[in-house]
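*Asks:* This structure is in C-alpha cells; I'll ask about it shortly.
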Amino acid sequence: MKFTNRDADLFVPDGATEDAAFGRTTHLGIGAHQDDLEIMSWHGILECYHSETDWYLGVTVTDGQGSARSGPYASYTNEEMAAVRRAEQRKAASLGDYAGMVQLCYTSAAVKDLLSPALTAELKDILLRAKPKVVYTHNLADKHDTHVGVALRTLKAIRELPRDARPAKLLGCEVWRNLDWMQDEDKTVLDVSRHESLAVAAVSLYDSQVAGGKRYDLATIGRWRANATYYASHGVDTASLMVFAMDLTPLVQDESLNPAEYVKRYMDRFTGDVVARLGKLA
C-alpha cells in the first residue's frame, strides 16, 4: 500500500502478505491515537481473537507526537515519543493477533483540516481493500477534537464507497466521553467480559502513557466494569465488562442525515427522559 506520510506503515504480526492481511479482515478499527483502538474497539479485537473465520485490522491515524508525557518520558522529544508510541501499537497488535496494523502518521492538525482530501482518500483505500463487515471508530459526542475529526473522516470515506462496498455496521465507541448518558434503548451494548487479563495487558502495553502519568489501564477496565454494573438498575449483572457504542450505521445508509443533527436526537431523548422524571416526581 502506498502511504501519504513518510513514517506510515503496515505491520502484519504473523508475517502474512499485505494482500492476505487486508483480504482476511472482517472487523476494522479506525482510531485517532495509539491505544485508542484497544480502549474503544476491544469488542472487535475480542470477536476476532483466536477465531478461525474473523480477523481484526487496526488503523491508527495520528503520529503520536503530541502525547502528554511526564516521569521517565518527560524529556522525550516529539520524534522520540512518536517512535515509542508506534512501537507500543505494534506490540498491542501482536498481543491481540491482529490481521494487520496500519499507522498513517498524520498530525492532529491535518486530521482536523476537513478540507484536506488525503486522509479521507487513504481511509477509503483501506476500506475498499479490507471490505470489513463492522467498523469501529470514535463516537460523535466525544470531547476530543481529533477523535471527532477521525470519526467524521471515517464516515466521509465510507459514504464515498459504492453502496455494495460499505460495511454493514459502523459503531462510534467510548474514549474521551463515555456513553452512559444515552437512553438504554439507544445504546449498542457490547459484552467484553472474556479474556479480561488480555484487555488489561493490551492497555498496559502503552507504558509511555501509563508510566507517563495517565492510568488508562485502570480507567478503561473500571469504565467497562461500571458500565456492566450500572446498566440495569433492577436486575443482576448479565456481563462483568461492557462497552457502550453509538450506532452510526444510519448515517452510512442515509447520506442526507447530518451527523450533528443525528447526535442531537440522542441528546434530546436523554433531556426528555430527565425532564419527564423530574416532572413526575418533583
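The values are calculated or read from the model by the stated rules, or taken from the named source; none is laboratory data. Small disclaimer: the values here were computed from a predicted structure and weren't measured. Using ideal geometry, Cβ is built from the backbone for each residue, glycine included, and neighbour counts are taken over all protein chains shown. Areas reflect the complete protein model, heavy atoms only, side chains present, ligands, DNA and RNA absent. Shrake-Rupley method; radii C 1.70, N 1.55, O 1.52, S 1.80 Å.
*Asks:* Report the antiparallel proportion of the DSSP beta bridges in the chain as a percent, rounded to a multiple of 5.
*Replies:* Percent antiparallel among DSSP bridges in the chain is about 40.
*Asks:* Please list the radius of gyration and Dmax for the stretch 156-272, considering alpha-carbon atoms only, with Å as the unit.
*Replies:* Expressed in Å, the Cα Rg and Dmax of the stretch 156-272 come to 16.7, 45.
*Asks:* Can you give me the relative contact order of the chain as a percent, contacts being Cα pairs under 8 Å and 6 or more apart?
*Replies:* 21
*Asks:* Oh, and also: Would you tally the net charge around Ala110, using a Cβ to Cβ cut-off of less than 14 Å, leaving Ala110 out, and scoring K and R as +1, D and E as -1?
*Replies:* -2
*Asks:* Helix-only mean residue ellipticity at 222 nm, the chain, DSSP H runs n ≥ 4 weighted -39,500 (n - 2.57), per residue, nearest 500. What is it?
*Replies:* Only helices count here, giving -13000 deg cm²/dmol.
*Asks:* Can you list, bin by bin at 5 Å, the percent of alpha carbon pairs in the stretch 100-155, starting at 0?
*Replies:* 4, 19, 29, 26, 16, 5, 0
*Asks:* Roughly how many percent of the accessible protein surface of the stretch 144-221 is carbon and sulfur, given a 1.4 Å probe and a whole-percent answer?
*Replies:* 51
*Asks:* Starting at the first residue of the stretch 165-170, write each ³J(HN,Hα) from the Karplus equation 6.51 cos²θ - 1.76 cosθ + 1.60 with θ = phi - 60°, in whole Hz, x for Gly and Pro.
*Replies:* For the stretch 165-170, the Karplus-derived couplings read 9, 7, x, 6, 8, 10 Hz, x marking Gly and Pro.
*Asks:* Given an 8 Å cut-off on Cα distances and at least 6 residues of separation, report the relative contact order of the stretch 1-117 as a percent.
*Replies:* Value for the stretch 1-117: 37 percent.
*Asks:* Rolling a 1.4 Å sphere over the protein heavy atoms, what is the accessible area per residue of the chain, to the nearest Å²?
*Replies:* Counting only protein heavy atoms, the per-residue value for the chain is 45 Å².
*Asks:* Straight-line reach from Lys187: which aspartates and glutamates have a Cα under 13 Å away, not including same-chain ones fewer than 8 places off?
*Replies:* Those aspartates and glutamates meeting the cut-off are Glu174, Asp247.
*Asks:* Also, I was wondering about something else. Calculate, for Leu281 and Gln183, the FRET efficiency according to 1/(1 + (r/R0)^6) with r their C-beta to C-beta distance and R0 22 Å; round to the nearest 0.05.
*Replies:* Once rounded, the FRET efficiency stands at 0.75.
*Asks:* Also, quick follow-up: How many angstrom separate the Cα center of the stretch 239-275 from the Cα center of the stretch 200-235?
*Replies:* First find each Cα centre; the distance between them is then 23 Å.
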